[in-house]
1. Just a yes or no: is a residue in region 9-25 among the aliphatic types (A, V, I, L, M), outside the structural domain of Val260 (by TED's automatic domain parsing), under 20 Å from Gln151 (Cβ atoms) and in contact with a helix residue (DSSP H, G or I) (Cβ under 8 Å, 6 or more places away or on another chain)?
2. Checking Tyr234 against (1) among the aromatic types (Phe, Trp, Tyr); (2) surrounded by fewer than 16 Cβ atoms within 10 Å (Cβ to Cβ); (3) in contact with a strand residue (DSSP E or B) (Cβ under 6 Å, 6 or more places away or on another chain), only one condition comes out false. Which one?
3. Of all residues in region 51-107, count the ones that are basic (Lys, Arg) and either surrounded by fewer than 16 Cβ atoms within 10 Å (Cβ to Cβ) or farther than 26 Å from Glu275 by Cβ (or both).
4. Go over the candidates Tyr185, Tyr154 one by one and state the one that is in contact with a Pro (Cβ under 6 Å, 6 or more places away or on another chain), touching a residue at least 60 places away in the same chain (Cβ under 8 Å) and surrounded by 22 or more Cβ atoms within 10 Å (Cβ to Cβ).
5. State which residue is nearest to Tyr21 (Cα to Cα) when the search covers only region 35-51 and only residues that are in a helix (DSSP H, G or I), without any contact (Cβ under 8 Å) to a residue 12 or more places away in the chain and not acidic (Asp, Glu).
6. Based on this model, can you work out whether Asn156 counts as closer than 30 Å to Lys276 by Cβ and in contact with an Asp or Glu (Cβ under 9 Å, 6 or more places away or on another chain)?
7. Out of the residues in region 154-176 that are among the small types (Gly, Ala, Ser) and in a helix (DSSP H, G or I), state the one that is farthest from Ala196 (Cα to Cα).
Amino acid sequence: MDAKELEALIKLLDDSDAEIYRHVEDRILSLGPEVIPTLEKTWESSLDILLQQRIEELIHKIQFSIVKHDLQTWAVSGAFDLLKGFITVSKYQYPELDEQKIINQIEAIKRDAWIELRYDTSPVEKVKILNHVIYNMHGFTGNVTNYNDPQNSYLNIVMESRRGNQISMAIVYSVIAQMLDIPIYGVNLPQHFILAYIDEANDYQDLHDHQQGILFYINAFNKGFIFNKRDVDYFLKQLNVQAHPSFYQPCSNIQILKRVLRNLISSYEKLGAIEKQTEVQEMYNVLNEIEGEDI
């Protein structure tokens, strides 16, 4: 379709006939993201409120479709890059976010930590250095005053505000640690999300298949506080939850992003944002079809 044909088609979006509108919408959606610049140009030049509203809805549908596709591609390709996955989720709310800017921000924190690290640094000392760099030098902290704000679950906002919830803080922490070859991975606890420092002396082929090898745990939401298995036992007892091996061992990157999406679903439900709640549920279902429900 050439530019003039596309522009003519877009102008039919304000047609009062619902059947014509649905046909035009389906035709434009089938053209994919390449039509977004033309849609935006038409929006800017139009004074028709209905047309502008329908263009906004169309652009959102196209961008949402891209996010779901990219999330599925990330998952079926192995879900190896947690940072990439979290950026993809963040594009749901911020489709034009600057991905390279986020990567540069993460790299800057990693470099500051790398300068402080030595070859013979012990695991506890490595965590203390990470804590100093992340929380003291760069000012990250858990958002205790507005914990349920959905913005806590979008990486670009977390990197700008230096505030996040348990899961987003843990992702930032573990991504930086793993970039420095420090074996710190996420652990999916009920009503909490923590990190585990893996014993580097154990050469595991798959961390998730082993019930041993955890040196200690880290609470990224609480400035990198270090604790042990007995503390996890006590926490589960307080919740009156039966202990399960998965509550002590690293979880997969897909499980981590599913936790992010569950938090978002809950946040939007509390706000009464039903449409967003439904869309994030669709994103969750994309991952759930690849890796089933968690314990």
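The values are calculated or read from the model by the stated rules, or taken from the named source; none is laboratory data. If you're wondering where the values come from, they're calculated on a predicted model, not measured in any experiment. All Cβ positions, glycine included, derive from the backbone under ideal geometry; neighbour counts span all protein chains shown.
1. Taking every residue of region 9-25 in turn, none turns out to be among the aliphatic types (A, V, I, L, M), outside the structural domain of Val260 (by TED's automatic domain parsing), under 20 Å from Gln151 (Cβ atoms) and in contact with a helix residue (DSSP H, G or I) (Cβ under 8 Å, 6 or more places away or on another chain).
2. Unmet condition: (3).
3. So the answer is 3.
4. That would be Tyr185, the only listed residue that is in contact with a Pro (Cβ under 6 Å, 6 or more places away or on another chain), touching a residue at least 60 places away in the same chain (Cβ under 8 Å) and surrounded by 22 or more Cβ atoms within 10 Å (Cβ to Cβ).
5. It comes out as Ile49.
6. yes
7. Ser161
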